[in-house]
Structures are given as structure tokens and as C-alpha cells.
Amino acid sequence: QLHSDQDKGDGSLKYILSGDGAGDLFIINENTGDIQATKRLDREEKPVYILRAQAVNRRTGRPVEPESEFIIKIHDINDNEPMFTKDVYNASIPEMSDVGTFVVQVTATDADDPTYGNSAKVVYSILQGQPYFSVESETGIIKTALLNMDRENREQYQVVIQAKDMGGQMGGLSGTTTVNITLTDVNDNPPRFPQSTYQFRAPESMPPDSPVGRIKANDADVDENAEIEYSITEGDGYDMFGITADKDTQEGIITVKKALDFENKNLYILKVEATNTHVDPRFLYLGPFKDSATVRIQVEDVDEPPVFSRPAYIMEVKEDVPINNVIGTVTAQDPDAAKNPVKYSVDRHTDMDRVFNINSGNGSIFTSKPLDRETLLWHNITVIAAEINNPKQSSRVPVFIKVLDVNDNAPEFAMFYETFVCENAKAEQLIQTLSAVDKDDSYSGHQFSFSLAPEAASSSNFTLQDNRDNTAGIFTRKTRYNRHEMSTYFLPVVISDNDYPIQSSTETVTIRVCACDHRGKMLSCNAEALIHPTGLSTGALIAILLCIIILLITVVLFAALRRQRKKEPLIISKEDIRDNIVSYNDEGGGEEDTQAFDIGTLRNPEAIDDNKLRRDIVPETLFMPRRTATARDNTDVRDFINQRLKENDTDPTAPPYDSLATYAYEGNGSVAESLSSLESVTTDGDQDYDYLSDWGPRFKKLADMYGAMDSDKDS
């Protein structure tokens, strides 16, 4: 209550209030100065209110005393329960942890005044989760309370923690929260095979790196703690098989490392070991983290193709070997127990020219054509070996045949030599150096010898000097040459090699006599140039040109006349009975030509020879043209034509290659006989057309028409 000394109780003064909550939370009686609260006050919302009060003249509104300030403090009571910072806590710890291992810390707050009594003093306790976990009452730290908790037995735990104020005393307020605790995995379980022995079957034709089977060792751990490595520790198939781990399924995949052979060994026994990749040393006392099992692999027999004694064959043969001479042998055997016989052949895709052949029984390869090392040094062919009883079982092997050189090529000039000699040349003057080449191969190097041919050695105007280095020089024998007497010399040179057998050839060097200056530079080699220095006259050139034109016109006319000229008929005598034969190079008159012999009767199908060759395609096999026999004078026309027709039909080399189709012969008629109604008027009785209904939908209209006619007659 507020009271002013100026208040005489006559109602001339009034009290006014301002500040925090004035007029809302707090009101004042303007006559008595009593201050009252209108609502319930909450310290947690606002603990202190500052108000200002003043007494004023009711009539004038002027203050009669200075303004007074006072503070209202709210005293706390325990009206707020503890609240956790999270509704749900999530935590995890490794399995097999020691007792007292820290898990998580929970925190609860109380909105009450911590300085006033125990309203804000919080104490923690565990309501659910014992005996696995415990909580410190003052700090809220949750710890493990049980030793060797195993994730494989139980992985999830739910713990309920209570926070109570008033120091946990009776009458205090409380709040709870849930803590979800997960045990994480550690490698505390070794891998274990579910069975001690595994059995698999593998065909002997299985290629390397093919899977034979899968085995799996179980591990109760997860993720990287369950990763397993597999290995073959011992067994008679240690080097024949391998095993790898599938990272997705943790299975061991047994694969073939080498080719299997049923005839050699049909059973393998392996010992396979499974080991954890990541081992935790803390749990080694639980035992070795590995396990082993026995794997038995049975090899199955299959029909295998023949196997060659070598993966490839290399043979050598001289290029002068005779045809059908054996150059080598390939050998293949059936690896199966049956030992089926083998047949050999050459893959013709690798020997298109059929240079080689093979004995199908013993595999000996021999030549079928001459060889030439200079044309082809290596022949690479493929030989096929197949079982006679089952040709699908076959195998191939490459055969490399090297053709060895023999001295079968004579040396020859390295180029065509055409040189000249000056008219004013001196004796013993070098005019040309010669060199030679040889297609043959010489292991010690070629050595050629040069000499003049015997017919030119004594009478030649030139000499030849062998330089003994596979070259030779041509020298002049006399002092001067006259190109008007001899403009060109042909000098035969004999070239020989030193291999066995010795090969030699005669090459010709062309030497022209030319006019030269004093330095030996050629000026002219034409002997007629000095005789007619001015060349041909204009009239002579025109005459030569006219002769050439006339000659060309004559050739063109001759060719045109020859193309238009018709051949004479085979028989020109009017009295000869064969005068109506048409020449095959004449076109004829077609169907309107009634004067010629009617050959339609010759095309009767019953008279056609079935053995005639086709004329509409080019014959595959070429035959030598045959000489036509001369017809006898008294031969009948039909026999004559039949004879010539047969000869031309059976001659595949005679053009043109066309097809002759004659439509003059009607044929034997339809199997269903005539469908025409024209013939029906001549018959004595009525026709029965019911059979038309049996001919299908194509004759339905015709059956309806004639069926209707029969109905009209009946009516």
C-alpha cells in the first residue's frame, strides 16, 4: 500500500502506477493506494518487476510529491520438473567391453531457482536397463555394469533414465528419457566350415581359370570382422587348383589352374583353410581364428580332340625338291582311352594355291607344286587332325615351312645398259662400268665373273675387263669410230656366278656411236642428221600425212564391210533337199515366217533329252571344241537337224548362253481336265458340278454358279 503525507482523506488526491506490468499484472486503487496482482506470477518467466508510483491532485493532475520507485521480487517454489536435453539418446559401445566402460552422458535441467532451496537439485537414477548398465546419480554418466556382453547374443538395449529434483527426496518432481544402446561388433568369433568334407566333379575339358565349385566358412561376426581368406594348404592337387575369396558372399571359389587329364589322374584331394583377414589380438585367447576342410574333386572323362606332339612345327625344304616329295611329318594322337584313329588334312584357307598336301593316314606333308624361294620364302599352313569316328573332335596346329635356296637363277645386269662411244674416242678408253645382281641367296656373298661372248671376243671393237669386285668395265679397242659405217654396236656379255651349279646368262650392252666435242660431250647420235641437216621438206611431210590418212580410211572401210558381210548358206544348191535350213547366225522371220522348216515339232517334251547341259549360264568346265562330223548326202532333213541340234546343245562352249522356250507345243493338259463350259454343250447328259465344292475357296463362286443352274433345272 502507498500513502502520501499530503493525503488528508478528503479525496482530493489520487494514486497512479507505472512500470513493468502496470495496469496488466499490477493495478493500484487510486483512492487508497493499495497495489494488487491480477494474475498468478511465474518466477521462471520474470523474477523481478520495477514499478513507479506517484500521488497527484485529482483536480489539476499535478503531482503533490516526487515519484517513488519500488522493486517486486518473486519468490521461487518447486513448480518445474527436470527436463532432459534430448527425448531419446543413441549410443554404441564395442561388445565384450569391460565393466565401467563409458557409454554416454545424459543431462537434465530444472527451471526452478538453484539458489533457493533444493528445487533445482537434480539426481539421476536408472529405471530400466539393469543389470547391464548403471548411471552416476550426480553426473548422469551411463556405464557398463556387466562383463562380456556378446553382440551375437543380443545387440540392442533400451535404458530408461530418471532425473528427480529436490535432491531425490520425497515430493520432488521428475522427468525421464530413453537411451538406445547398440553393441558394435569385434572379431571375437573364428570362421567355421559347416561340414568337414566337400565333393565336386570337373570334366577334363574344363579350361584353366574355370570355377569348379564354391565352399563357405561361417563367421558370426559382421563387416570386416567376417572377411575370410581361403588357401589350399596341402593335397595332391596343390598345383592343379586354386581358390579365391568372393568379397560379396565371403565364399571360396575353387578354380582350375592347369588342364585336367582324366587318363593321367581322375581324383584330387585338397585341404582348404579359411582364415580371418582382420584378427583382434585381444581375443586370441578364444582360439585360432581359422578352420580347415577337405575337398575331393573327381575328374570326369570327356571325348577330347586329338593332341599334336608339338604346339607348332617348323620344316625346311629346298626349292628344287621334286613334286610329291615328303618334307616332314606331323603327329597327333587321341588322348582318350579309346585311342581312336586320326585323320589328317590341310586347311585350304591357309594354302589357297594347294602347294602342299598331306597323307591323311600318317601325317606326312609333301609338295604338290613346284616351289620358288624367290617368289615366297615362308609357307604358313595349318594342319587339321580329326577323329575318324567323330570328325567334330578336331584340333589344329600351325606348320611353318621355309623354302631353302638353291642356285637356280643366273645373274643378270642390275639395269638396262645403253651407252655411247664418241667418234673421236681413243683406244683403251672406259666408256661404261657394268654391275650384276642375282635373285639367289648367297651365304658367303655373290662373286660374279664377266666376259665377252665367244662370238664377240675376237671380232668385237670393244674389250671387257673384269674388276673382280662384281663389276666390269667396257673399253674401246680402236682409236676412231664412224657412225655412218656403224651407228650401233650390240655387245654380248656373259655373267657367271660361283655357286653350285654354276649359272650364267648372256646380257647385251647397246653402244651407240655419237658425235662429240673435244671434251667428250655428246652432240648427236643420228647418222642421217649430217646427210639431211635441213630435215624433210613441207611437200614430203604432206605426202606422208596423206598416206597415213588413206591407210586409216582403208582399214575402217575394210572393218565395216567385214562386219556387214553375211555368211553364205551351208548349202546353196536349190536342188538339195536341205535348202530350207536356217543359218544360226541369221535372225529369222519369227512366227510369221512359214517358209522355214517348222522346228516346233522338235520341242516336244517327250523328245527332249534330259541329259542336256544348261545353255543359260557360262559353263564351269571348259571343253575343247569338237569337230562336227560331216553329214551324209542322203541324210534326212530331220535326222540332220537332230544331229546338229544335239551337238550344239551338248557343247557348253558354244555361245550364246541363253534359254530357248518354245510355246508351239500345247502340253498334256491339266490333271483336273478342262474347266471350260464350251465342251459341255456337246455332251448328251447333264453334267454334275458338285465336285467344284471340293476344290476349295478359290472355286466357290464357280461352284455357286453351276450349283444354281442345277437347282433351276430341277425346279
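The values are calculated or read from the model by the stated rules, or taken from the named source; none is laboratory data. The shown structure was predicted, so the numbers you read here are calculated from the model rather than taken from an experiment. Backbone-built Cβ (ideal geometry, glycine too); neighbour counts: all protein chains shown. What goes into the accessible areas is simple: the full protein's heavy atoms, side chains included, and nothing from ligands, DNA or RNA. Shrake-Rupley method; radii C 1.70, N 1.55, O 1.52, S 1.80 Å.
The table below lists the values:
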{"read-out": "Ranked packing of 76-86, 368-378, most packed first, by mean Cβ within 10 Å", "value": "76-86, 368-378"}
{"read-out": "Spherically averaged projected area of the range 271-340 from its Cα convex hull (nm²)", "value": "10.9 nm²"}
{"read-out": "Spread of Cα-to-Cα distances over 5 Å intervals beginning at zero, given as percent, for the range 13-73", "value": "4, 18, 27, 23, 14, 7, 4, 2, 0"}
{"read-out": "Estimated vicinal HN-Hα couplings, Hz - the range 435-450 in sequence order (Karplus 6.51, -1.76, 1.60; Gly, Pro = x)", "value": "9, 9, 10, 9, 5, 6, 9, 10, 6, 9, x, 6, 9, 9, 10, 10"}
{"read-out": "Whole-Hz couplings from phi, Karplus 6.51/-1.76/1.60, listed for the range 216-224; x for Gly and Pro", "value": "9, 9, 7, 9, 5, 6, 10, 6, 5"}
{"read-out": "Overall Cα dimensions of the range 113-240 - principal axes, largest extent first, Å", "value": "92, 23, 18"}
{"read-out": "Using θ = phi - 60° and Karplus 6.51 cos²θ - 1.76 cosθ + 1.60, couplings along the range 46-52 (whole Hz; Gly, Pro as x)", "value": "8, x, 9, 10, 10, 10, 10"}
{"read-out": "Extension gain (nm, one decimal) between S345 and E234, 0.36 nm per residue minus Cα-Cα", "value": "35.4 nm"}
{"read-out": "Highest average packing first - 122-135, 185-198, Cβ atoms within 10 Å", "value": "122-135, 185-198"}
{"read-out": "Descending principal axes extents, the range 320-446, alpha-carbon based, whole Å", "value": "91, 26, 20"}
{"read-out": "Accessible-area composition of the range 197-300, carbon plus sulfur, in percent [1.4 Å probe]", "value": "47 percent"}
{"read-out": "Surface share of carbon and sulfur [accessible, 1.4 angstrom probe, percent] for the range 412-524", "value": "49 percent"}
{"read-out": "Under 5 Å, built H, 5+ apart or other chain: amide partners of A217", "value": "G252"}
{"read-out": "Overall form of the range 219-342 per C-alpha gyration tensor (a/c, 1.5; a/b vs b/c)", "value": "prolate"}
{"read-out": "Highest to lowest packing among 513-525, 288-300, scored as the average C-beta count within 10 Å", "value": "288-300, 513-525"}
{"read-out": "Partner lysines for K271 [C-alpha distance under 26 Å; skip if fewer than 8 residues away on the same chain]", "value": "K216, K247, K257, K258, K290"}
